[in-house]
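**Q** The following block contains the structure, expressed as structure tokens.
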Amino acid sequence: MIELAANTTAVRLPVLLAIFGLVVVVVMAVASVFNRRFNVRAQLQSLRPDLALKSSGQSLRSRDAEGAWARMAAAIEAAGLNLTDTKSDRLREKLRAAGYNSPAAPRIYTLVRLLMIFVLPLGYVILSYMSAQPPSFTKLYVVGSGLAVLGLLVPNLFVQAKADRRKEAIVNGFPDCLDLLLVCVESGLGLEAAMDRVGREMVVSQPMVAQLLSLTVLQLRAGASREEAFRKLADAASVDEIRSFTTLLIQSDKLGTSIASTMRVYASEMREKRRMRAEEKAYRLPVLISIPLVACMLPVMIGTLMLPAVVMVVRELYPMMRGG
């Protein structure tokens with residue numbers, strides 16, 4: 001039967017089509033099973049009420065990595081190398097603004113800078129001597145010095161960029177959280193319960209603000225006063241809008257005024273500021289578009305307009321100038 005199917009075209013073609021159809025059916029069945037499991041898992045994850053680990057932006061693996069870096073920094077300090085920065089307070093504030101709240105973050109930052117200073121030039125030297133023609137000592141010295149300076153600056157630039165992204169995310173997401181907080185307070189919830197509710201509801205959409213609100217609620221439940229918890233919230237956020245908001249809450253709590261009315265006025269101001277920021281970005285667009293317009297389209301337009309004149313000069317004036 002196998003020899004008949006292999007030698008006869010009329011039998012071989014249906015057999016191949018049958019095998020192909022069987023493989024397609026099996027693949028589709030397996031794919032449907034995995035797709036169904038993936039959809040069920042996605043639905044279960046969307047129904048989870050507690051996503052505190054996801055909101056903090058950390059996983060168990062990242063925590064283990066941070067612990068490994070902390071242990072490495074502690075071992076290096078135990079060996080005799082001091083990793084404490086001379087401006088530790090400013091460095092701690094910068095790292096806190098970038099989202100690094102660990103007590104060992106300044107030491108890890110200093111350790112990474114030291115490693116980058118030596119790793120980048122050493123890697124360049126190794127790659128250079130592995131090539132067929134090693135470079136000269138002067139080139140190695142110049143490039144190695146440049147890479148060392150680059151290794152000294154790259155961690156600072158990375159932390160600053162991450163702090164800017166975190167600040168932008170907090171500023172953009174805080175008005176929405178403030179509106180929900182106002183709705184919860186006006187519906188009868190207390191300030192602590194409203195912050196807890198908003199922190200749990202905004203975990204997926206605004207994880208940065210939700211994390212700050214959840215930390216404040218935990219501090220209030222641990223026994224801290226409202227003034228202390230709100231000041232820690234302002235220090236953890238490192239954003240002027242949240243700092244002003246916490247100042248208003250502290251003053252309202254001290255003076256006994258209505259928190260709902262205070263939040264309503266501040267929420268309208270925050271919406272106005274967000275609208276003004278959007279208008280500012282819209283007004284900046286023509287200026288930003290003019291740069292690629294001049295750099296890319298203007299040479300093409302000049303070439304298109306000047307090309308017929310150049311062709312006419314080459315065809316008519318140039319032969320006449322040569323006496324043709």
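Only the coordinates and a few stated rules stand behind these numbers; no lab work does. Not measured: the values here are computed from a predicted model. A quick note on method: Cβ atoms are made from the backbone with ideal geometry, for glycine too, and the neighbour counts reach across all protein chains shown.
**Q** Measuring from label point to label point, each 7 Å out along Cα→Cβ, what is the Val15 to Leu114 span in nm?
**A** About 7.3 nm, to one decimal.
**Q** To continue, here is another question. With viscosity set to 1.306 mPa s and temperature to 10 °C, compute the Stokes-Einstein D of the stretch 73-168, Rh being the Kirkwood radius across alpha carbon pairs; µm²/s, no decimals.
**A** The calculation lands on 105 µm²/s.
**Q** Would you list, by chain and number, the aspartates and glutamates whose Cα falls below 14 Å from the Cα of Lys254, excluding same-chain residues fewer than 8 positions away?
**A** Answer for Lys254, where 14 Å is the Cα cut-off: Glu227, Glu228, listed by chain and number.
**Q** Let me ask something additional. Which residues' amide hydrogens lie under 5 Å from the amide hydrogen of Gln206, considering only partners 5 or more residues apart or on another chain, with H built in the peptide plane?
**A** Those qualifying (amide H under 5 Å, at least 5 residues apart or on another chain) number zero.
**Q** Additional query: In what order do Ser214, Ser131 fall by count of nearby beta-carbon atoms within 10 Å, going from fewest to most?
**A** Ser131, Ser214
**Q** Please list, or write none, the lysines whose alpha carbon is within less than 22 Å of the alpha carbon of Lys167, excluding same-chain residues fewer than 8 places away.
**A** Straight-line reach from Lys167, under 22 Å: Lys54, Lys94, Lys232, Lys273, Lys281.
**Q** Send over the Kirkwood Rh of the stretch 169-274, from the inverse of the averaged 1/r over different Cα pairs, rounded to one decimal Å.
**A** The Cα-based Kirkwood calculation yields 13.5 Å.
**Q** Scaled to the compact-protein estimate 2.2 N^0.38 Å, what is the alpha-carbon radius of gyration of the stretch 249-294, rounded to two decimal places?
**A** 1.97
**Q** Can you sort Leu147, Leu122, Leu114 so the residue with the fewest Cβ neighbours within 10 Å comes first?
**A** Ranked by crowding around the Cβ, least crowded first: Leu122, Leu114, Leu147.
**Q** Where the only charges are on Cβ atoms (+1 Lys, Arg; -1 Asp, Glu), what is the dipole of the stretch 73-168 about its Cα centre, to the nearest 20 debye?
**A** 260
**Q** Could you work out the relative contact order of the stretch 96-244? I mean the mean sequence separation of Cα pairs under 8 Å and 6+ apart, divided by the number of residues, in percent.
**A** Once normalised by length, the contact order is 22 percent.
**Q** Per-residue HN-Hα couplings for the stretch 188-204, Karplus 6.51 cos²θ - 1.76 cosθ + 1.60 at θ = phi - 60°, whole Hz, x for Gly and Pro?
**A** x, 6, x, 5, 5, 5, 5, 5, 5, 5, 5, x, 6, 7, 9, 5, 7
**Q** Order these by the 10 Å Cβ neighbour count, fewest first: Asp196, Asp253.
**A** Asp253, Asp196
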